[in-house]
1. Return one quarter of the surface area of the convex hull spanned by the alpha-carbon atoms of the range A:20-65, equal to its mean projected area, in nm².
2. Based on other C-beta atoms within 10 Å, arrange A:71, B:19, A:135 from fewest to most.
3. Please give the direction-averaged projected area of the C-alpha convex hull for the range B:3-54, in square nanometres with one decimal.
4. Taking the Cβ of each residue in B:98, A:7, A:126, A:138 as the centre, tally the other Cβ atoms inside 10 Å and list the residues starting with the fewest.
5. Between residue B:8 and residue A:31, what is the FRET efficiency for a Förster distance of 35 Å, r being their Cβ-Cβ separation, to the nearest 0.05?
6. Using alpha carbons only, what's the Rg to Rh ratio of the range A:1-96 with Rh from Kirkwood?
7. Give me the one-decimal nm value for the distance between modelled label points at residue A:179 and residue B:113, 7 Å along each residue's Cα-to-Cβ direction.
8. If I take R0 = 35 Å and measure r between the Cβ atoms of residue A:87 and residue A:18 in this structure, what FRET efficiency does the formula 1/(1 + (r/R0)^6) give, to the nearest 0.05?
């Protein structure tokens, strides 16, 4: 059940108030941006997707039922936009290697450690990028963004059992890619489930 | 459960999504099976590496430009001309000036085109020291108008060199006190 303050904020958005839109966007923009970035591995594309997601949400907010969770609806739009974009682009071209980890990290400032982190992050992105979009989505939402399986099932629009299956498959695939084992990625269907 | 079955559960166990019965089985197994315990460590390591992507910061200005883009799409604003008030003022001033100029021209034209009016005065011979001024077509019922001559104002005597002088002493009556 959404909290009263958020319901009030969404109702103000439904009245078309710009200040309410801005407040709602400031609340969620970072999460939306990082979901898009983790799925697309490119800063510019992530910003573009985040912008498109908010525009779609605000254009359709009049039809939104305030009894439902706003954030799952917003993240659902974001993930769907990312999946569409991933399918349009070839996986290798979405990785912005120069941008990965190239910015300030909140961790230690030791140059050697920062360089190692940067390299690790780049490798993680490359491995993630080889996953089919559906698996990449659940892995991003669960292991990077920390959503629960119930929340993920709402966001990706499938059952809790399907989310668990995709997570299971995604982790196995990711580990195999990470360890450099030859893996057959195949399609992103939920065959066998 | 055997190793194969347990290894199939490790991916979800590493992420904390196992059901209770699966969790109990995995924990009991890895406590006694080093190979499956190493396998579990590999899944945990992969999870740790994925979690590293939580860190980092967006390029400067990312979120500001995000709002700018969304606002320009949802709330497009008309371009505001900062010199608009000046343009309006100048426009009104120009219209006013043209109006005044037209008014002045009409007034001047009317004055020039006016014929010698019936009421134009004509001077006639003086009567009793007064200058009678009568309309050209004077009817008996109309009152007579007289122009009273202005009283003569005597200008102070001024010598040619522009200075005032006292009367000459020689012009004083004989015996008069010369107190100057």
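All of the numbers you see were taken from the coordinates with simple rules; none came from a lab. Owing to the predicted nature of the structure, the values given are computational and were not obtained by experimental measurement. A quick note on method: Cβ atoms are made from the backbone with ideal geometry, for glycine too, and the neighbour counts reach across all protein chains shown.
1. 3.3
2. B:19, A:71, A:135
3. On the way: hull surface 13.7 nm².
Reported value for the Cα convex hull: 3.4 nm².
4. Details: B:98 10, A:7 14, A:126 17, A:138 28.
Fewest-to-most ranking of B:98, A:7, A:126, A:138: B:98, A:7, A:126, A:138.
5. Details: r = 32 Å, r/R0 = 0.93.
Given R0 = 35 Å and the Cβ-Cβ separation, E is 0.60.
6. On the way: Rg = 14.1 Å, Rh = 13.9 Å.
Ratio of gyration radius to Kirkwood radius for the range A:1-96: 1.02.
7. Once both label points are built, they end up 11.0 nm from each other.
8. Calculated transfer efficiency: 0.55.
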